[in-house]
Structures are given as structure tokens and as C-alpha cells.
Amino acid sequence: MILRQYSGLRDKNGKEIYEGDIIKKKFKDREIGEFYAIGQVVFGKWYAGFTVPYNYHGYNKLERLSSSEDKDGWVVANRDMEVIGNIYENPELINS
């Protein structure tokens, strides 16, 4: 059994979000259009808190998990996120 740190937040379906969870989220981009990206919840080294880095065919985005918009304008990322697994039980999801 692997112990994981709870972020204190839940995804759009009410599921608790833990470090190592794999997140699926819909994005909109002017050039790409609508798409889903997958990222892994990590404790941010740069932003003392939980973040999800996404990479979708060269489209890079880093979101901070937050229960509200902070003073720097970071979006409340978790309201549109869906936990689809975790890196320990479903490592294949991060490469899909």
C-alpha cells in the first residue's frame, strides 16, 4: 500500500484528489479547438502547493489546485478536473 497526500480538494464528481492522481480536463485553445489533456497531480516545487502539469501535443499548461482564485489569478482548476486513476495503479494512463 502506498500512502499519498490528500490535497484537501475534490474533483468535479466529488472524488478526493491526492498526490499521484491522474487528472483529465477539457481545454479550449484558439488554434487547437477543444481537447482533453491528462496530467498527474504533483506537489509543486515552484509553487508550494499541488499542481497539475499538462502537455498535449506541444500545448503546455500548469494549473495550481485551489479552492478559489488566488491573488495571482490562478484559476480554480479542480472544478473541471476528473480523477481517472493514479500513477501507482494506472501508470498507462499518463502516456495516453
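The values are calculated or read from the model by the stated rules, or taken from the named source; none is laboratory data. Model, not experiment: these values are computed from the prediction. Cβ: placed from backbone, ideal geometry, glycine included. Neighbour counts: every protein chain shown. Only protein heavy atoms, including side chains, enter the accessible area calculation; ligands, DNA and RNA are left aside. Shrake-Rupley method; radii C 1.70, N 1.55, O 1.52, S 1.80 Å.
Residues in the range 1-28 that are free of Cβ contacts under 8 Å to residues at least 12 places away in the same chain and of a type in the set (A, V, I, L, M, F, W, C): M1, L3. Quick check: is even one residue across the range 37-44 under 20 Å from I94 (Cα atoms) and modelled with pLDDT under 85? There is at least one residue in the range 37-44 that is under 20 Å from I94 (Cα atoms) and modelled with pLDDT under 85. Each residue in the range 17-41 was checked for being under 16 Å from I84 (Cβ atoms) and either open to solvent by 20 Å² or more (accessible area, probe 1.4 Å) or of a type outside the set (A, V, I, L, M) (or both), and 13 of them qualify.
Among the residues of the range 5-16 satisfying the criterion of being among the charged types (D, E, K, R) and open to solvent by 70 Å² or more (accessible area, probe 1.4 Å), which is modelled with the highest pLDDT?
Checked the range 5-16; the qualifying residue modelled with the highest pLDDT is K15.
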